[in-house]
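Visitor: Dropping a structure here in structure tokens format, bear with me for questions.
The values are calculated or read from the model by the stated rules, or taken from the named source; none is laboratory data. None of the values given here were measured: they were computed from a predicted structure. Neighbour counts are summed over all protein chains in view; Cβ atoms, including those assigned to glycine, are modelled from backbone coordinates with ideal geometry. What goes into the accessible areas is simple: the full protein's heavy atoms, side chains included, and nothing from ligands, DNA or RNA. Shrake-Rupley method; radii C 1.70, N 1.55, O 1.52, S 1.80 Å.
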Amino acid sequence: MRDGSDRLDDAARAAWLAYVGGCKQDEIAAQMGISRQAAQRLVAHAMAMGLVKVRIDHPVAHCMMLSRGLRSRFGLSDCTVVPTLQSDTATSLAVSHAAGDLLESWLVADEPCIIGLGTGRTLRAAVEHLPRIPAVDHRIVSLTGNISPDGSTAYYNVLFTIADRVDSRTYPLPLPVIAASPEERSALLNQKTLAMTRRLSLDTDVRFVGIGPIHETAPLVMDGFITPDDGRRLATRGAVGEILGFVFDRDGKLVDDEINSRVTSAPLSAVPEVPTIAAAQGVGKQPAIRAALTGRLITGLVTDERTAEALLSD
């Protein structure tokens, strides 16, 4: 019986024949002694496992112009702008792939480093885009809690996903993103078993984070970390976005609300000392992204053309 590694090897071989050898599916099938349908499934499996990379050796001029504009206006050290596609779902996937490529560049670096990861839909998709990477000298630490309010694993956690693709030491934060009270937060964070994770989260060489909006149906609300009433109250206090669970206003300043005193994540500060790269796009996130840029909460951004144009329009 062939195991999973055998199937992955077959998938890699089929993909190589398709994309490097230029073979059609019936030719792949003939060379590998399998059916045409099996060849098709193997190539699809190679794509799903991140074994196939598409590289365009010519920058899209408009994206490059927007990237330069965002760097100049907001003092960014890193900025990647991808083309806007036919749907928001497709565009979000393109942004996640670009973020995954940037994360991969850190994972394959020769110099050992500590990589901090936030959470969210875009970051999880970015990690799912990664190929298998041996990165035994690197350490990967969660910047946010990995536990949902009901005690289950947070669906959009990133650390457990990356552990399936990257051979590296990983350090989870087995806590809810937002504790029930400031006192509970203090008690949770003072556990001795979390000392290493907390120390690493403060010593990261690079951070990858998501940006979420704040309203009644915001991700923090939908995922159960705050209530709809919390979302409405925060909005009335000027909140427009969140990073790592910390809620901020249009100027990128933390909102004076008890929610921020309950966040268990690594601290969020203006003008971070290490590269802090956000992956975010879409009309609904534009106020939050603009606020994060205005407050210098991030040093890098991965987004799409339409979002970039909106950010530069004011």
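Visitor: Which condition does Thr153 not pass, out of (1) under 19 Å from the mean Cα position of the chain (by Cα); (2) under 13 Å from Ile115 (Cα atoms); (3) without any contact (Cβ under 8 Å) to a residue 12 or more places away in the chain, if it passes all the others?
Guide: Condition (2) is where Thr153 drops out.
Visitor: Across region 45-61, what is the number of residues that are within 30 Å of Leu312 (Cβ to Cβ), open to solvent by less than 90 Å² (accessible area, probe 1.4 Å) and under 24 Å from the mean Cα position of the chain (by Cα)?
Guide: 3
Visitor: Could I ask something else about it? Consider only pairs whose beta carbons are under 9 Å apart and that are at least six residues apart or on different chains; among these, list those whose first residue lies in region 97-124 and is more than 14 Å from Leu143 (Cβ to Cβ) and whose second residue is small (Gly, Ala, Ser) and part of a loop (DSSP other than H, G, I, E, B).
Guide: Filtered contacts from region 97-124: Gly100/Gly50; Thr122/Ala280.
Here's the yes/no breakdown for (1) aliphatic (A, V, I, L, M); (2) modelled with pLDDT under 95; (3) in contact with an Asp or Glu (Cβ under 8 Å, 6 or more places away or on another chain):
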{"site": "Val247", "(1), (2), (3)": "yes, no, yes"}
{"site": "Gly282", "(1), (2), (3)": "no, yes, yes"}
{"site": "Ile289", "(1), (2), (3)": "yes, no, no"}
{"site": "Ala310", "(1), (2), (3)": "yes, no, no"}
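Visitor: Sticking with this structure for a sec: Only residues that are within 21 Å of Pro131 (Cα to Cα), of a type outside the set (Val, Ile, Thr) and open to solvent by 20 Å² or more (accessible area, probe 1.4 Å): list them for region 18-39, please.
Guide: Ala18, Tyr19, Gly21
Visitor: Here is a check on your reading of the model: is Leu42 touching a residue at least 40 places away in the same chain (Cβ under 8 Å) and surrounded by 16 or more Cβ atoms within 10 Å (Cβ to Cβ)?
Guide: no
Visitor: With a cut-off of at least 1 residues that are acidic (Asp, Glu) and open to solvent by 20 Å² or more (accessible area, probe 1.4 Å), name the strands (runs of 3 or more DSSP E) lying wholly within region 225-314.
Guide: Passing ranges, in order: 239-243, 246-249.
Visitor: Those residues that are touching a helix residue (DSSP H, G or I) at 6+ places or on another chain (Cβ under 9 Å) and hydrophobic (A, V, I, L, M, F, W, C), I need them from region 4-29; list them, please.
Guide: Leu8, Ala11, Ala12, Ala14, Ala15, Trp16, Leu17, Ala18, Cys23, Ile28, Ala29
Visitor: Let me ask another. Being touching a strand residue (DSSP E or B) at 6+ places or on another chain (Cβ under 8 Å) and either in contact (Cβ under 8 Å) with a residue 12 or more places away in the chain or more than 24 Å from Leu103 (Cα to Cα) (or both): is that true of Val209 here?
Guide: Judged against the criteria, Val209 is a match.
Visitor: Hey, can you tell me all the residues within region 148-171 that are farther than 15 Å from Leu123 by Cβ and modelled with pLDDT of 90 or more?
Guide: Once the filter is applied, which keeps residues that are farther than 15 Å from Leu123 by Cβ and modelled with pLDDT of 90 or more, region 148-171 yields Asp167, Ser168, Arg169, Tyr171.
Visitor: Could you please find all residues in region 200-224 being out of contact with any Pro (no Cβ under 6 Å at 6 or more places or on another chain), modelled with pLDDT under 95, surrounded by 14 or more Cβ atoms within 10 Å (Cβ to Cβ) and assigned to a loop (DSSP other than H, G, I, E, B)?
Guide: Once the filter is applied, which keeps residues that are out of contact with any Pro (no Cβ under 6 Å at 6 or more places or on another chain), modelled with pLDDT under 95, surrounded by 14 or more Cβ atoms within 10 Å (Cβ to Cβ) and assigned to a loop (DSSP other than H, G, I, E, B), region 200-224 yields Ile214, His215, Ala218, Asp223.
Conditions tested, residue by residue: (1) open to solvent by less than 20 Å² (accessible area, probe 1.4 Å); (2) more than 23 Å from Arg262 (Cβ to Cβ).
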site	(1), (2)
Arg121	no, no
His129	no, yes
Ile133	yes, yes
Arg139	no, yes
Leu159	yes, no
Thr170	no, yes
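Visitor: Considering region 46-84 alone, what residues qualify as being part of a loop (DSSP other than H, G, I, E, B), touching a residue at least 40 places away in the same chain (Cβ under 8 Å), more than 21 Å from Gly120 (Cα to Cα) and out of contact with any strand residue (DSSP E or B) (no Cβ under 8 Å at 6 or more places or on another chain)?
Guide: Leu51, Lys53, Gly75
Visitor: Right, here's the next one. How about region 80-104: which of its residues are under 20 Å from Ser201 (Cα atoms) and open to solvent by 20 Å² or more (accessible area, probe 1.4 Å)?
Guide: Listed by number, the residues that qualify are Leu102, Glu104.
Visitor: In addition: I'm trying to understand the selection: among the residues of region 139-198, which are part of a loop (DSSP other than H, G, I, E, B) and among the acidic types (Asp, Glu)?
Guide: Asp150, Asp164
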